[in-house]
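Participant: Following this message is one structure expressed as structure tokens.
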Amino acid sequence: MFLLYGGLFFLLLSRFLFIQVTGTADGQVLSVKAESKYSREQVLQASRGKILDRNGEVIVEDTLSYKMIAVISPKATNNSNVPRHVIDPEKTAQVLSQYIDMTEQEIVNLLNKNIKDEKYQVEFGKSGRDISFKKMAEIKEYNLPGIIFMQDMKRLYPNGQFASHLIGFALKEEMEDGKAVAVGKMGLEYIYDKELTGTAGKIEFKGDKKGFLLPNAEKMITKPQNGDDIYLTIDKTIQNFLEDALNKAEEKYHPEKMTAIVANPKTGEILAMSQRPTFEPNTREGLSTNWLNEAIEQTIEPGSTMKIFTLASAIEQGVWDPNATYKSGSYTLYDRTIRDHNVYGWGTITYLEGFQRSSNVSMAYLLNKIGDETFIEYLHRFGFGEKTGIDLPHEASGTILATNPIERVTSTYGQGTTVTPIQLVQGLTAIANKGKMMQPYVIDKIVNPNTGEVVTDHKPVEKKSPISAKTADQVKEILASTVTSEHGTAKRFKLNEYTTAGKTGTAQIAKPGGGYYWGSNFFLYSFLGMAPVEDPQLIVYVAVHKPQLEGTEVGSEPTSDIFKSVTENSLKYLNIKPKSLELASPIKMPEVVGKNVIESQSLLESQGLKTVIIGQREQVKEQFPVAGTSMLASGTVFIKGQGEIQLPNFTGWSKRNVLIYKSLAKVPIEVIGEGYVTSQSLTTGSIVSDTTPVVVRLSTPKETEILPELEGNMEIPPQD
């Protein structure tokens with residue numbers, strides 16, 4: 001017995017020594033096995049990058065949501081008097097079917113199948129994801145055993161139908177490892193999916209079998225890297241003006257579709273872009289088979305808007321004589337006769353009147369003067385027949401139809417040749433910008449939010465000038481006459497407070513099998529214009545396909561409704577001075593700092609300036625604008641004195657002027673909304689200080705609410 005037990009002890013001791021020295025047992029490295037047994041890892045989700053407008057206003061972002069899981073294994077309830085797993089699949093399914101997109105039977109089948117397979121827990125696919133806090137709280141009230149929720153991220157489009165075909169949408173997709181990741185499916189979400197997608201982080205630690213951190217165990221944290229933020233050239237306020245105008249036109253005229261673009265002619269920045277029909281990106285409701293961004297990817301016959309570029313070609317070639325005459329009505333080339341839109345014409349008229357009346361025949365005669373080949377060369381100079389290079393994919397190039405003489409004639413007035421709306425906008429930048437043609441773009445910059453590094457910074461790109469500055473100015477004046485002349489086809493596009501220049505278009509729409517539709521309800525009505533004429537700040541293109549017009553209505557009504565609403569509101573929002581103030585004599589801002597507040601107010605108002613006083617006692621401590629600044633009559637000056645600050649009546653103030661006041665007064669003013677002030681939290685005359693919170697609410701401007709005297713061309717002083 002002694003020898004037997006002694007031998008066993010010796011063998012056991014030898015085994016211990018072997019394991020201690022080699023660190024292995026049964027061919028396995030014990031340290032690795034222990035590490036795998038106690039190592040735990042928790043994923044830290046990364047947020048998908050935001051999409052923001054030019055001012056940093058959020059258009060798209062990730063928001064907190066919840067994922068629902070059903071624990072179905074009885075092991076979860078071991079050593080517990082309270083059930084922690086699903087004990088009644090039928091009752092659970094009855095409740096959950098009221099909140100998620102699954103039928104009661106589908107839920108029962110899912111639970112029973114996984115219970116049979118002895119799974120520990122089960123998820124509900126996309127139906128169990130993106131659950132709101134409210135819905136989660138309602139489900140929790142039923143106290144369903146085994147139903148738990150985990151925090152998740154959901155892609156949120158807070159503005160609803162907002163440039164939807166440009167922005168697109170992202171959806172959760174199951175990866176090979178079973179995790180769900182948001183993937184861009186359309187628009188910018190799809191194009192910049194790689195840049196927007198972040199990298200998940202993790203927490204590594206040692207824990208027990210239940211996952212709790214072991215005593216004295218260390219945690220290793222790898223921070224998640226959020227996706228890049230994309231800043232657009234889109235201005236949220238101007239985009240909202242456009243969306244609102246399109247909604248109203250859709251409700252009133254029921255067109256087949258609409259397309260609209262607002263751009264800055266000096267830079268090529270796209271400030272707004274939309275189309276109808278559109279869709280709700282949060283739910284994809286309204287998304288039809290058309291996933292195209294029609295401003296970029298769809299070609300159209302432009303109609304009479306093309307006459308702008310025919311006119312520019314004639315002027316640049318030196319063959320335009322506005323006072324020369326021709327016989328309107330019809331023009332025959334070989335066996336083909338083209339006619340003016342009223343069939344019979346207006347007799348013998350000048351070329352200027354012909355352009356104002358949108359005469360097709362005048363364009364045919366101009367082509368004879370320009371020369372066929374030269375005219376086609378100018379179309380290429382203006383960028384037609386080739387992509388603009390806008391920073392969006394799948395851009396169409398259009399086709400310049402110029403195979404035979406009659407095709408070259410019809411191209412002068414926009415029939416046969418096809419273009420994209422973005423090409424028309426690019427071409428008009430040369431007219432509005434003294435011959436300098438600017439490439440359109442929608443991405444301002446891409447920023448890494450983890451480091452603040454600007455990954456991509458887009459700058460304006462000037463293309464080769466198709467015409468001279470002198471020609472551009474002359475074309476602009478003639479385009480303005482289509483609005484102001486008694487013969488002009490664009491009289492409906494006259495703005496209340498700003499000058500307008502542009503060209504209407506009425507194009508036939510080609511039938512799929514050949515030929516064209518005919519009738520007032522079967523045309524494409526459009527307008528390509530700019531404002532104000534003296535110094536164009538905006539280019540606006542509007543196209544309305546097949547509107548349902550009443551007998552007394554004309555095709556320019558839906559397009560003019562959209563153009564006027566968007567352009568006038570946008571110019572006011574941008575603080576562009578109306579023409580009446582542009583003509584006023586400039587005033588050089590005097591120096592009033594150090595002078596008595598009341599005396600300074602009298603001095604400024606005697607020169608026709610308006611004043612906003614911040615603290616009415618003693619000497620002026622600060623003024624805005626500073627001395628020497630060129631001001632227009634009726635412009636507004638902010639002067640800051642000392643003593644108590646009485647809150648003014650902000651009603652009608654623009655956001656910019658509220659921010660100027662906030663900066664000088666050092667009052668914590670919270671600005672809610674866009675447009676112009678409609679209400680304020682404290683009454684006029686209230687005494688405020690740097691600790692008095694004030695809330696002002698803004699909304700889309702209405703003419704009756706605007707105070708023109710407060711809308712000056714002023715820069716906002718630096719914010720503290």
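The values are calculated or read from the model by the stated rules, or taken from the named source; none is laboratory data. From a predicted model like this one, the values you see are computed outputs, not experimental measurements. Every residue, glycine as well, gets a Cβ built from its backbone with ideal geometry; the counts of neighbours run over all protein chains shown. For accessibility, only protein heavy atoms count, side chains too; no ligands or nucleic acids. Shrake-Rupley method; radii C 1.70, N 1.55, O 1.52, S 1.80 Å.
Participant: Name the one entry in 310, 332, 325 that is closer than 24 Å to residue 469 by Cα and polar (S, T, N, Q). Break it down stepwise before answering.
Facilitator: On the way: 332 fails: closer than 24 Å to residue 469 by Cα; 325 fails: closer than 24 Å to residue 469 by Cα.
Being closer than 24 Å to residue 469 by Cα and polar (S, T, N, Q) holds for just one of 310, 332, 325, which is 310.
Participant: Would you tally the residues in the range 383-404 being farther than 29 Å from residue 291 by Cβ and open to solvent by less than 40 Å² (accessible area, probe 1.4 Å)?
Facilitator: 1
Participant: Being on the phi < 0 side of the Ramachandran plot and without any contact (Cβ under 8 Å) to a residue 40 or more places away in the chain, is that true of even one residue in the range 46-68?
Facilitator: Taking the range 46-68 first, the residues on the phi < 0 side of the Ramachandran plot are 46-55, 57-68.
Remaining after also requiring without any contact (Cβ under 8 Å) to a residue 40 or more places away in the chain: none.
Scanning the range 46-68, I find no residue that is on the phi < 0 side of the Ramachandran plot and without any contact (Cβ under 8 Å) to a residue 40 or more places away in the chain, so the answer is no.
Participant: Further question on the same structure: Pull out all pairs, ordered by first then second residue, where Cβ-Cβ is under 6 Å, the residues are six or more apart or on different chains, the first lies in the range 449-469 and is on the phi < 0 side of the Ramachandran plot, and the second is open to solvent by 70 Å² or more (accessible area, probe 1.4 Å) and assigned to a strand (DSSP E or B).
Facilitator: 450/225
Participant: Give the range 520-555 a look and list any residue that's open to solvent by 10 Å² or more (accessible area, probe 1.4 Å) and within 20 Å of residue 420 (Cα to Cα), or say none.
Facilitator: Across the range 520-555, the qualifying residues are 522, 523, 525, 545, 546.
Participant: Of all residues in the range 60-80, which are open to solvent by 20 Å² or more (accessible area, probe 1.4 Å) and closer than 20 Å to residue 136 by Cα?
Facilitator: 62, 63, 64, 66, 67
Participant: Further, regarding this structure: Residue check: is residue 605 within 16 Å of residue 587 (Cβ to Cβ) and among the acidic types (Asp, Glu)?
Facilitator: Criteria met by residue 605.
Participant: Follow-up. Scan the range 277-331 residue by residue and report those that are over 24 Å from residue 183 (Cβ atoms), basic (Lys, Arg) and open to solvent by 10 Å² or more (accessible area, probe 1.4 Å).
Facilitator: The answer is 327, and nothing else.
Participant: Moving on. Which number in (1) on the phi < 0 side of the Ramachandran plot; (2) open to solvent by 40 Å² or more (accessible area, probe 1.4 Å); (3) not small (Gly, Ala, Ser) marks the one condition that residue 259 misses?
Facilitator: Looking at each condition in turn, residue 259 falls short on (2).
Participant: Restricting attention to the range 411-429, does a residue exist that is farther than 22 Å from residue 298 by Cα and either within 24 Å of the chain's Cα centre (by Cα) or not in a loop (DSSP other than H, G, I, E, B) (or both)?
Facilitator: No, because not a single residue in the range 411-429 is farther than 22 Å from residue 298 by Cα and either within 24 Å of the chain's Cα centre (by Cα) or not in a loop (DSSP other than H, G, I, E, B) (or both).
Participant: State whether one or more residues within the range 606-623 are in contact (Cβ under 8 Å) with a residue 24 or more places away in the chain, assigned to a loop (DSSP other than H, G, I, E, B) and in contact with a Phe, Trp or Tyr (Cβ under 7 Å, 6 or more places away or on another chain).
Facilitator: For the range 606-623, residues in contact (Cβ under 8 Å) with a residue 24 or more places away in the chain, assigned to a loop (DSSP other than H, G, I, E, B) and in contact with a Phe, Trp or Tyr (Cβ under 7 Å, 6 or more places away or on another chain): absent.
Participant: Output the residue which, of all residues in the range 547-559 that are touching a strand residue (DSSP E or B) at 6+ places or on another chain (Cβ under 7 Å) and either among the β-branched types (Val, Ile, Thr) or in a helix (DSSP H, G or I) (or both), is farthest from residue 243 (Cα to Cα).
Facilitator: This residue is 556.
Participant: Going by the conditions given, is residue 69 more than 30 Å from residue 223 (Cα to Cα) and β-branched (Val, Ile, Thr)?
Facilitator: So residue 69 fails the test.
Participant: Going by the structure shown, is residue 187 touching a Gly at 6+ places or on another chain (Cβ under 6 Å) and at pLDDT 85 or above?
Facilitator: Spelling it out, residue 187 is indeed touching a Gly at 6+ places or on another chain (Cβ under 6 Å) and at pLDDT 85 or above.
Participant: Against the condition open to solvent by less than 30 Å² (accessible area, probe 1.4 Å) and modelled with pLDDT under 85, how does residue 615 come out, does it pass?
Facilitator: yes
Participant: Same structure again: Given (1) more than 24 Å from residue 482 (Cα to Cα); (2) modelled with pLDDT under 95, where does residue 386 come up short, assuming only one miss?
Facilitator: Evaluating residue 386 over (1) more than 24 Å from residue 482 (Cα to Cα); (2) modelled with pLDDT under 95 leaves (2) as the failure.
Participant: Of all residues in the range 131-141, count the ones that are in a helix (DSSP H, G or I) and either open to solvent by 60 Å² or more (accessible area, probe 1.4 Å) or on the phi > 0 side of the Ramachandran plot (or both).
Facilitator: Residues that pass the stated criteria total 5.
Participant: Looking only at the range 429-463, filter to residues that are at pLDDT 95 or above, touching a helix residue (DSSP H, G or I) at 6+ places or on another chain (Cβ under 9 Å) and within 21 Å of residue 232 (Cβ to Cβ); which one of those is surrounded by the most Cβ atoms within 10 Å (Cβ to Cβ)?
Facilitator: Looking at residues that are at pLDDT 95 or above, touching a helix residue (DSSP H, G or I) at 6+ places or on another chain (Cβ under 9 Å) and within 21 Å of residue 232 (Cβ to Cβ), I get 440.
Participant: Does the range 619-634 hold any residues that are surrounded by 17 or more Cβ atoms within 10 Å (Cβ to Cβ) and at positive phi, and which are they?
Facilitator: 634
Participant: Which residues, taken from the range 556-566, are of a type in the set (D, E, K, R) and open to solvent by less than 10 Å² (accessible area, probe 1.4 Å)?
Facilitator: none
Every residue, every condition in (1) at pLDDT 90 or above; (2) of a type outside the set (Val, Ile, Thr); (3) open to solvent by 50 Å² or more (accessible area, probe 1.4 Å), yes or no:
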site: 129; (1), (2), (3): no, yes, no
site: 144; (1), (2), (3): yes, yes, no
site: 147; (1), (2), (3): yes, no, no
site: 152; (1), (2), (3): no, yes, no
site: 170; (1), (2), (3): yes, yes, no
site: 175; (1), (2), (3): no, yes, yes
site: 179; (1), (2), (3): no, yes, yes
site: 183; (1), (2), (3): yes, no, no
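Participant: Another question, then. I'd like the residue in the range 200-229 that is assigned to a strand (DSSP E or B) and within 17 Å of residue 63 (Cα to Cα) and, out of all such residues, is modelled with the lowest pLDDT.
Facilitator: Across the range 200-229, the extreme among qualifying residues is 225.
Participant: Just to be sure, is residue 83 open to solvent by 40 Å² or more (accessible area, probe 1.4 Å) and within 16 Å of residue 144 (Cα to Cα)?
Facilitator: yes
Participant: Can you find a residue that is more than 25 Å from residue 157 (Cβ to Cβ) and touching a residue at least 60 places away in the same chain (Cβ under 8 Å) anywhere in the range 124-139? Write out each step before concluding.
Facilitator: First pass over the range 124-139, keeping only residues more than 25 Å from residue 157 (Cβ to Cβ): none.
No, the range 124-139 contains no residue that is more than 25 Å from residue 157 (Cβ to Cβ) and touching a residue at least 60 places away in the same chain (Cβ under 8 Å).
Participant: A follow-up question, please. What's the total number of residues in the range 464-496 that are open to solvent by less than 50 Å² (accessible area, probe 1.4 Å) and among the acidic types (Asp, Glu)?
Facilitator: Adding up the residues that qualify gives 1.
Participant: Of all helices (runs of 4 or more DSSP H) completely enclosed by the range 267-383, which ones contain at least 3 residues that are acidic (Asp, Glu)?
Facilitator: Ranges flagged: 372-381.
Participant: Looking at the range 37-47, is at least one residue closer than 30 Å to residue 443 by Cβ, open to solvent by less than 90 Å² (accessible area, probe 1.4 Å) and modelled with pLDDT of 85 or more?
Facilitator: Checked the range 37-47: at least one residue is closer than 30 Å to residue 443 by Cβ, open to solvent by less than 90 Å² (accessible area, probe 1.4 Å) and modelled with pLDDT of 85 or more.
Participant: Of the residues that sit in the range 594-612 and are crowded, with 16+ Cβ neighbours inside 10 Å and under 16 Å from residue 644 (Cα atoms), which one is farthest from the chain's Cα centre (by Cα)?
Facilitator: Looking at the filtered set, the residue picked out is 597.
Participant: In the list 269, 256, which residue meets the criterion of being under 29 Å from residue 232 (Cα atoms) and at pLDDT 95 or above?
Facilitator: 269
Participant: Restricting to the range 407-462, give me the number of residues that are within 14 Å of residue 539 (Cα to Cα) and of a type in the set (Gly, Ala, Ser).
Facilitator: So the count comes out to 3.
Participant: Here's another thing I want to ask about it. For the range 635-690, how many residues meet the condition of being open to solvent by 10 Å² or more (accessible area, probe 1.4 Å), more than 34 Å from the chain's Cα centre (by Cα) and not β-branched (Val, Ile, Thr)?
Facilitator: So the answer is 9.
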